[in-house]
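All of the numbers you see were taken from the coordinates with simple rules; none came from a lab. Here the structure is a predicted model, which means the values were calculated and not measured. Here Cβ is always computed from backbone atoms with ideal geometry, including for glycine, and neighbour counts include all displayed protein chains.
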Amino acid sequence: NFIKLEYPDISVDDTRVQITGKINELADRSELCMLTIYAFRQMDVADWLPYIKASIERNPVCFSELGKKGTEEVYEILHSFPDESIYSGARLSLPDEVWNFRRGDGIEKAILLADFILLKYPDKSLTIDIRQNEAVVRLDDKEFRFSSEKGFTKKIFLSRGKYVIG
């Protein structure tokens, strides 16, 4: 059975902004466009759950280099990186991208730290509170603060295989 799908009419003459606009316009009725938004990690449109799951479960590069370090030391290393994402706007990089490029927005750094903690201490639970210009990782009685320019507000609870985003 042939199923007609709706897809954006993209030209080689279109600018990046035009292409992004066409994809966003069709996202509510085109699975292709919505999947493109997820792959692009445009987090003001996409559900955060797949991004968080991928960040925690599919990013081993940072842990291979950080695995022998303690949480405080990793926090200090992340603070030494420039507070600048490799992506503009509402896009977020994955922990391995933060580690490989040695820079990231505070949300991205907080998620890398959470990834590290859950890999090193799989029985731990933590939260990430994101409020406009700050991301705070809360683990036991400790807080790890990062500044953010992304403007999101989220509360993320993480434990072994359980991710709750509010």
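Calculated from DSSP H runs of 4 or more alone, at -39500 (n - 2.57) each and per residue, what is the 222 nm mean residue ellipticity of the chain, nearest 500?
Mean residue ellipticity, 222 nm, calculated: -12500 deg cm²/dmol.
Which angle between 0 and 90 degrees, to the nearest 10, do you get for helix 48-57 versus the longest principal axis of the chain when only C-alpha atoms count?
The two axes meet at around 50 degrees.
Once you have a ≥ b ≥ c as the square roots of the Cα gyration tensor eigenvalues for the chain, tell me rounded if a/c is under 1.5, and otherwise prolate or oblate according to whether a/b is larger than b/c.
It comes out prolate by the Cα gyration axes.
If you take every residue apart from Phe40 with its C-beta less than 14 Å away from the C-beta of Phe40, what net charge results, scoring Lys and Arg +1 and Asp and Glu -1?
+1
Which distance in Å, rounded to a whole number, links the C-alpha centroids of the range 131-166 and the range 44-120?
Measuring centre to centre over Cα atoms gives 12 Å.
In the range 1-120, with Lys and Arg counted as +1 and Asp and Glu as -1 at Cβ, which of these residues, Asn24, Trp99, Thr36, has the Cα nearest the positive end of the dipole, that is, farthest along it?
Trp99
Compute the long axis of helix 16-26 from its Cα atoms, compare it with the longest principal axis of the Cα atoms of the chain, and write down the angle in degrees, 0 to 90, nearest 10.
That helix lies at roughly 80 degrees to the long axis.
Quick one: helix 106-120 against the long Cα principal axis of the chain, what's the angle to the nearest 10°, folded into 0 to 90?
Result, in degrees: 60.
Label the range 100-158 by shape, choosing from rounded, prolate and oblate, from the square roots a ≥ b ≥ c of the eigenvalues of the Cα gyration tensor; if a/c is under 1.5 it is rounded, and otherwise prolate applies when a/b is larger than b/c, oblate when it is not.
Since a/c reaches 1.5 but b/c is at least a/b, the shape of the range 100-158 is classed as oblate.
Which trypsin sites (Lys or Arg not before Pro) in the range 32-95 sit in a loop by DSSP (not H, G, I, E or B) and have at most 13 other Cβ atoms within 10 Å of their own Cβ?
Hits after loop and neighbour filter: Arg58, Lys68.
Under the definition of Cα pairs under 8 Å and six or more residues apart, what whole-number percent is the relative contact order of the range 122-166?
39 percent
May I have the count of lysine pairs in the range 3-115 with C-alpha atoms under 26 Å apart, counting pairs 8 or more residues apart or located on different chains?
6
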